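> Once you've had a glance at the structure underneath, I'll fire off some questions.
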Amino acid sequence: MSRELVDLVVRAKYVFTMNPRREIITDGAIAICRDRIVSVGKKSEVEGRYRGEKVLDYGRAAALPGFVDAHTHNAQTLLRGVITDYEISIPPVWLRYLIPYESLLKPEDVKLIATLTQLNMIEHGVTTFLEAGGPYPEKIAEAVAETGVRGVVTMSTVDMGNVPEAMKISTESAIKKTIGLIENWHGKAGGRIRVWFSLRQMILCTQELYFKFKELARKYNVGITTHVSEAHVEIEYSLEKFKKRPIERLYEIGFLGSNVVLAHAAFLTPKEVKLIAETGANVAYCPSIDHMLMSPPRVPEMLNLGVNVALGSDGGFKTGIDILGEARLASIVIKQYYGFPFHDRTGIPAEKFLEMATINGAKALMWDREIGSIEPGKKADIIVIDLSKPHTTPVNNPATTLIYCANAGDVVTTIVDGKILMENKKHTYRNVYEVVEKALERTEELMEEIRRSWRK
């Protein structure tokens, strides 16, 4: 019997399908035609029906759906190493440092930094992201079109509050410009770009903007993301202004829903966790920043109540774009914080963190019909992680090995939409060196501007 020709076949010792049965296929293969997965299963079965024009054979490695970063800031990467532990100790860091930094950026800066950030994503197996809301979002979209990743782009909307005037926008302009962004970019780059609404924070956005964005999100059938319950000052503001905590207020006005991603959601009462569960809202858990700056989020309680929890990096300003690293950190901290008092060493099992990094992220981004698992008919967004090195040998349990032994540096290949963006650690993007050099050059210039602004 003749075998059907497909564009690509990927072979790996372990294929983490993340399908509804969460099957892990040993000695597996994936057949890809154009941008879609056409078959996944045992290597003998897949290659009995299909032959690849190109074959990637990885032996002792794991193939997974690409990681989803459910909360990131494309434009903040040049702040790496600038915000030391001293600056971190003076909250809220986003109000004191991050937003003033963004106010200094020019359109060409955002394009450059977003490209650098997305190349970082590709290296670490992140194939899809949700932008939290930054300046010049059309430049982030341009970067997505060129780098080949998949992303939900949003615009920073700050229509009130004590922030640099360059970051403020009128309520009317915020609405008009976000609609324009949707109409110009949603569905572009072969469908890899989507556009959502974004509200920066309750103390920086008017209630009118919350109401209007909720209405418009329904009209355009897109989502909304917002930072929430991430700082004491925000909770105090909400209690003083509305006599309710932030989640209680969002519930009261009918804002919460399955098309909403709540970033951080750290300082929550048990009542607020139940309100999130009741409404079907999603939570982006950013372990590095959440545990560095906030109260440990009630993630085990959220999961027990059925809340869809995804993982986020919160951008590269302090740590980096590393979803596998976020999963490992969270698995350890959760065991200590939630497990130790009850002598429960499980906390959240490794398999659940892989869900949070893949299919949960896809669901949060309203993209789970297309991505988040390796199944026939879905988009071919696939990564390969090498498990053949001393630090990942032996592999007695693949999921445990991925979370506790492997690291982002073990990602060898990244594929989005069936296109290879990195193969055997080599980018297919042609100008990586040029991007890195330009970023270093611009960093020196920006740092002096930033330090002058911080001294004021």
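The values are calculated or read from the model by the stated rules, or taken from the named source; none is laboratory data. This one's a predicted model, so the numbers in the text were calculated from it and none came from an experiment. A quick note on method: Cβ atoms are made from the backbone with ideal geometry, for glycine too, and the neighbour counts reach across all protein chains shown.
> With respect to the numbered conditions (1) in contact with a Lys or Arg (Cβ under 6 Å, 6 or more places away or on another chain); (2) in the same structural domain as Val261 (by TED's automatic domain parsing); (3) closer than 14 Å to Phe16 by Cβ, which one is the sole condition not fulfilled by Ala357?
(1)
> Considering each residue of the range 369-380, count those that are within 21 Å of Ala399 (Cα to Cα) and either surrounded by fewer than 19 Cβ atoms within 10 Å (Cβ to Cβ) or among the charged types (D, E, K, R) (or both), and give that number.
Total satisfying the criteria: 1.
> Kindly list, by first and then second residue, each pair from a residue in the range 161-172 that is without any contact (Cβ under 8 Å) to a residue 12 or more places away in the chain to a residue that is crowded, with 16+ Cβ neighbours inside 10 Å and of a type in the set (D, E, K, R), limited to pairs with Cβ atoms under 9 Å and residues at least 6 apart or on different chains.
Lys168/Asp159; Ser170/Asp159; Glu172/Asp159
Yes/no matrix, rows are residues, columns are (1) touching a Cys at 6+ places or on another chain (Cβ under 8 Å); (2) at positive phi; (3) part of a loop (DSSP other than H, G, I, E, B):
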{"residue": "Glu301", "(1), (2), (3)": "no, no, no"}
{"residue": "Ala310", "(1), (2), (3)": "no, no, no"}
{"residue": "Leu329", "(1), (2), (3)": "no, no, no"}
{"residue": "Phe340", "(1), (2), (3)": "no, no, no"}
{"residue": "Arg345", "(1), (2), (3)": "no, no, yes"}
{"residue": "Gly372", "(1), (2), (3)": "no, yes, yes"}
{"residue": "Ile385", "(1), (2), (3)": "no, no, no"}
{"residue": "Pro394", "(1), (2), (3)": "no, no, yes"}
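> From (1) buried (at least 23 other Cβ atoms within 10 Å of the Cβ); (2) over 16 Å from Arg298 (Cβ atoms), pick out the condition that doesn't hold for Leu239.
(1)
> Determine whether the range 207-220 contains at least one residue that is surrounded by fewer than 17 Cβ atoms within 10 Å (Cβ to Cβ), more than 13 Å from Phe255 (Cα to Cα) and touching a Lys or Arg at 6+ places or on another chain (Cβ under 7 Å).
Initially, the range 207-220 is screened for residues surrounded by fewer than 17 Cβ atoms within 10 Å (Cβ to Cβ), giving 207-208, 211, 215-216, 218-220.
Then keep just the ones that are more than 13 Å from Phe255 (Cα to Cα); that gives 219-220.
Remaining after also requiring touching a Lys or Arg at 6+ places or on another chain (Cβ under 7 Å): none.
No, the range 207-220 contains no residue that is surrounded by fewer than 17 Cβ atoms within 10 Å (Cβ to Cβ), more than 13 Å from Phe255 (Cα to Cα) and touching a Lys or Arg at 6+ places or on another chain (Cβ under 7 Å).
> With the requirement that a residue be assigned to a loop (DSSP other than H, G, I, E, B) and either touching a strand residue (DSSP E or B) at 6+ places or on another chain (Cβ under 6 Å) or under 15 Å from Phe67 (Cα atoms) (or both), what does the range 347-365 give you? Can you show your working first?
First, pick out the residues of the range 347-365 that are assigned to a loop (DSSP other than H, G, I, E, B): 347-349, 358, 365.
Matches in the range 347-365: Thr358, Leu365.
> Looking at the structure I just gave you, is Thr178 assigned by TED's automatic domain parsing to the domain that holds Met202 and buried (at least 21 other Cβ atoms within 10 Å of the Cβ)?
Working: assigned by TED's automatic domain parsing to the domain that holds Met202: yes; buried (at least 21 other Cβ atoms within 10 Å of the Cβ): yes.
Against the criterion (assigned by TED's automatic domain parsing to the domain that holds Met202 and buried (at least 21 other Cβ atoms within 10 Å of the Cβ)), Thr178 qualifies.
> Scan the range 195-214 for residues that are more than 17 Å from Ala263 (Cβ to Cβ) and part of a helix (DSSP H, G or I) and jot them down.
Listed by number, the residues that qualify are Gln207, Glu208, Phe211, Lys212.
> Checking Glu53 against (1) of a type in the set (Asp, Glu); (2) crowded, with 21+ Cβ neighbours inside 10 Å; (3) not assigned by TED's automatic domain parsing to the domain that holds Thr358, which test does it fail?
Glu53 satisfies every listed condition except (2).
> Could you please find all residues in the range 263-293 being closer than 11 Å to Val307 by Cα and out of contact with any Lys or Arg (no Cβ under 6 Å at 6 or more places or on another chain)?
The first filter runs over the range 263-293 and keeps only residues closer than 11 Å to Val307 by Cα, leaving 273-284.
Within the range 263-293, Lys274, Leu275, Ile276, Ala277, Glu278, Thr279, Gly280, Ala281, Asn282, Val283, Ala284 meet the criteria.
> Of a type in the set (A, V, I, L, M, F, W, C), surrounded by fewer than 23 Cβ atoms within 10 Å (Cβ to Cβ), touching a His at 6+ places or on another chain (Cβ under 8 Å) and at negative phi: which single residue out of Ala350, Ala408, Ala399 fits that description?
Details: Ala350 fails: touching a His at 6+ places or on another chain (Cβ under 8 Å); Ala399 fails: touching a His at 6+ places or on another chain (Cβ under 8 Å).
Every option except Ala408 fails the conditions.
> Sort out which residues of the range 261-275 are surrounded by 17 or more Cβ atoms within 10 Å (Cβ to Cβ) and either in contact with a helix residue (DSSP H, G or I) (Cβ under 8 Å, 6 or more places away or on another chain) or of a type in the set (Lys, Arg) (or both), and write them in order of number.
If we filter the range 261-275 for residues that are surrounded by 17 or more Cβ atoms within 10 Å (Cβ to Cβ), which is where we start, we get 261-268, 272-275.
Across the range 261-275, the qualifying residues are Val261, Leu262, His264, Ala265, Ala266, Phe267, Leu268, Glu272, Val273, Lys274, Leu275.
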